[in-house]
Amino acid sequence: MAKDVIVTGVEQFFGDDEIIVSKTDLKGRITYCNDVFLRIAGYTEKECLGEPHNIIRHPDMPRCVFDLLWGHIQDRREIFAYVVNRCKNGDHYWVLAHVTPSVDNNGDVVGYHSNRRVPDRNILEGVVAPLYADLVAEERRHANRKDGLHSSREMVAGILQERGVPYDEFIAGL
Ligand SMILES: Cc1cc2nc3c(=O)[nH]c(=O)nc-3n(C[C@H](O)[C@H](O)[C@H](O)COP(=O)(O)O)c2cc1C
């Protein structure tokens, strides 16, 4: 994703009864997206298929959340994560994503699948958005990406240690 990506600050919403779905290959390239995905992100299917999933990455997303996401799914584990995504026109939308590995008949992981629902507004505004703002600020304090990620991971580890729960329980308990 380009560094000078445009954001408008305008939030977009989808319905409580809707699910935003996408699937990827093992490298995170989009292999499927549903109509809700295309409608809210403002892309055509042609523009998405085969593209890396970071085409909808929003600069306000902490790197360490994607690090957790990939760590889980590459370990064949599911993950729930709050994510703010960027629409093609620079608007944004918040989701609670449930990302899972897809396994074939031989038990091999052949790709990944994400189902996203409308997140709870109180959790978003009370906990997640302020936490992500702190994590992003920490990541940006470092000139080097790797150092930034290391530092925000430590922040997350500190929060989880303080609460005495792993990430999954922390998210489920919000
Ligand atoms: C199934 C699946 C769904 C994903 N969904 C999103 C998403 O909705 N938004 C997003 O920014 N990244 C999503 N990602 C993560 C991206 O692959 C990528 O790690 C992230 O955008 C960070 O990109 P960057 O490394 O270029 O910063 C998803 C990955 C997978 C495997």
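The values are calculated or read from the model by the stated rules, or taken from the named source; none is laboratory data. Everything numeric here is computed off the predicted structure, so don't read it as measured data. Positions of Cβ are generated from backbone atoms using ideal geometry, with glycine treated the same way; all protein chains shown enter the neighbour counts. Only protein heavy atoms, including side chains, enter the accessible area calculation; ligands, DNA and RNA are left aside. Shrake-Rupley method; radii C 1.70, N 1.55, O 1.52, S 1.80 Å.
Using a simple spin-label model with pseudo-atoms 7 Å out from Cα toward Cβ, ARG76 and ASP134 lie 3.5 nm apart. Most simply put, the chain has about 95% antiparallel DSSP beta bridges, counting only bridges with both residues inside it. Rounded, prolate or oblate: which fits the range 79-174 when a ≥ b ≥ c are the square roots of the eigenvalues of the alpha-carbon gyration tensor, with rounded for a/c under 1.5 and prolate only if a/b beats b/c? In terms of gyration-tensor shape, rounded. In the elastic network of the chain, a GNM with C-alpha springs shorter than 10 Å, the most mobile of THR44, THR31, THR100 is THR44.
Report in % the part of the accessible area of the range 1-132 that belongs to carbon and sulfur, leaving out ligands and nucleic acids; probe 1.4 Å. Heavy-atom surface of the range 1-132 belonging to carbon and sulfur, 1.4 Å probe: 50 percent.
For the chain, what does the helix formula give at 222 nm: sum of -39500 (n - 2.57) over DSSP H segments with n ≥ 4, over the residue count, nearest 500 deg cm²/dmol?
Working: 6 runs with 60 residues, N = 174.
Dividing the helical sum by the residues of the chain leaves -10000 deg cm²/dmol.
Scalar couplings 3J(HN,Hα) for the range 29-35, obtained by applying the Karplus form with A = 6.51, B = -1.76, C = 1.60 to θ = phi - 60°, are 8, 5, 10, 7, 8, 8, 5 Hz; x denotes Gly and Pro.
Multiplying the residue separation of GLU11 and GLU169 by 0.36 nm and removing their Cα-Cα distance gives an extension gain of 54.1 nm. If you take all other residues with their beta carbon under 9 Å from the beta carbon of HIS92, and give Lys and Arg +1 and Asp and Glu -1, the sum is -2.
Projecting the alpha carbon convex hull of the range 1-60 along each direction and taking the average yields 4.7 nm².
Once all protein chains are placed together, GLU154 keeps about 110 Å² accessible to a 1.4 angstrom probe.
First check a/c for the range 1-102, with a ≥ b ≥ c the square roots of the eigenvalues of its C-alpha gyration tensor; if it is under 1.5, answer rounded, and if not, answer prolate when a/b is larger than b/c or oblate otherwise. Here the range 1-102 falls in the rounded category. Please give the charge dipole size of the range 17-108, origin at the Cα centre, charges +1 on K and R Cβ atoms and -1 on D and E Cβ atoms. Round to the nearest 20 debye. So the magnitude is around 260 debye. Using the basic label-point model (7 angstrom from Cα toward the beta carbon), what is the ASN115 to LYS88 distance in nanometres? Each label point is offset 7 Å from its Cα along the Cβ direction, giving 2.7 nm. Here the Karplus relation 6.51 cos²θ - 1.76 cosθ + 1.60, evaluated at θ = phi - 60°, turns the backbone of the range 37-52 into coupling constants of 4, 5, 5, 6, 7, x, 10, 8, 4, 4, 6, 9, 4, x, 8, x Hz, with x for every Gly and Pro.
Convex hull volume of the Cα atoms of the chain, normalised per residue: 128 Å³.
Solvent-accessible surface of the range 94-144, averaged per residue with a 1.4 angstrom probe and all protein chains in place: 54 square angstrom. Number of Lys-Lys pairs in the chain with C-alpha atoms under 22 Å apart and a separation of 8 or more places or on different chains: 9. Full extension of the chain between MET155 and LYS46 gives 35.4 nm of extra length, using 0.36 nm per residue less the Cα-Cα distance. Counting only protein chain heavy atoms and rolling a 1.4 Å probe, the accessible areas of THR8, THR24 rank, largest first, as THR8, THR24.
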